[in-house]
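**Student:** Below: one structure in structure tokens.
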Amino acid sequence: MKQSEQLYSQNKIAEILGISRGTFSKWLKENSVSPKQQKGQRKLYDETVIEQYKQSKKTSGSKDSKRLTTVELLQDNLKEKQLEEIDYLKQQLKEKDAQIKAKDETISEFGLKFAKLADQAQQLNLVDKPQIVHKEGDFESESVVTRTGKQPVRKHWWKF
């Protein structure tokens with residue numbers, strides 16, 4: 001005896017595959033699958049259509065994996081560019097640190113020179129000021145000696 005082939009409607013095949021009828025109809029059109037038999041408006045397909053659909057999705061799944069590898073390649077490329085940019089920025093940071101160190105050394109040198117000049121200015125200022133000399137035994141009377149060596153006449157407050 002001959003086993004009869006099982007024929008299924010689009011709705012039944014979509015239900016077996018776990019997809020919507022619209023998705024299955026689109027797949028039928030894309031793959032140019034014709035019905036095995038037609039009863040009025042109803043199109044019937046044999047069991048091989050189910051296997052064809054599963055096989056086509058497995059191969060299209062490999063296309064998705066190719067897409068993933070393309071995405072992965074793009075991500076790897078982006079990572080490489082970011083790493084290059086990080087290296088470039090690190091190099092710039094090192095250069096800026098070297099420049100800052102050089103400026104700090106220059107400022108330190110100027111600070112030392114300024115301190116030396118300030119000390120010299122103070123010494124010159126002290127030389128220009130009159131010196132107060134106390135006579136021996138007489139602390140109340142002071143005489144002022146200027147650079148010219150002359151002593152100005154000073155009057156005390158009680159001698160006015």
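**Student:** Between a first residue in region 38-50 that is farther than 18 Å from I19 by Cα and a second residue that is of a type in the set (A, V, I, L, M, F, W, C), which pairs have beta carbons less than 8 Å apart while being 6 or more apart in sequence or on different chains?
**Tutor:** Taking only residues 6 or more apart or on different chains, the pairs are Q38/L44.
**Student:** Does region 56-70 contain any residue that is modelled with pLDDT of 85 or more and surrounded by fewer than 10 Cβ atoms within 10 Å (Cβ to Cβ)?
**Tutor:** Checked region 56-70: no residue is modelled with pLDDT of 85 or more and surrounded by fewer than 10 Cβ atoms within 10 Å (Cβ to Cβ).
**Student:** Among the candidates L89, L44, L93, single out the residue that is in contact with a strand residue (DSSP E or B) (Cβ under 6 Å, 6 or more places away or on another chain) and at pLDDT 85 or above.
**Tutor:** Criteria check complete, one pass: L44.
**Student:** Considering only residues that are surrounded by 15 or more Cβ atoms within 10 Å (Cβ to Cβ) and in contact with a strand residue (DSSP E or B) (Cβ under 9 Å, 6 or more places away or on another chain), which ones fall in region 13-32?
**Tutor:** If the condition is that a residue be surrounded by 15 or more Cβ atoms within 10 Å (Cβ to Cβ) and in contact with a strand residue (DSSP E or B) (Cβ under 9 Å, 6 or more places away or on another chain), then I13, L28 are the ones that fit.
The values are calculated or read from the model by the stated rules, or taken from the named source; none is laboratory data. Everything numeric here is computed off the predicted structure, so don't read it as measured data. Every residue, glycine among them, receives a Cβ derived from its backbone with ideal geometry; neighbour counts consider all protein chains shown.
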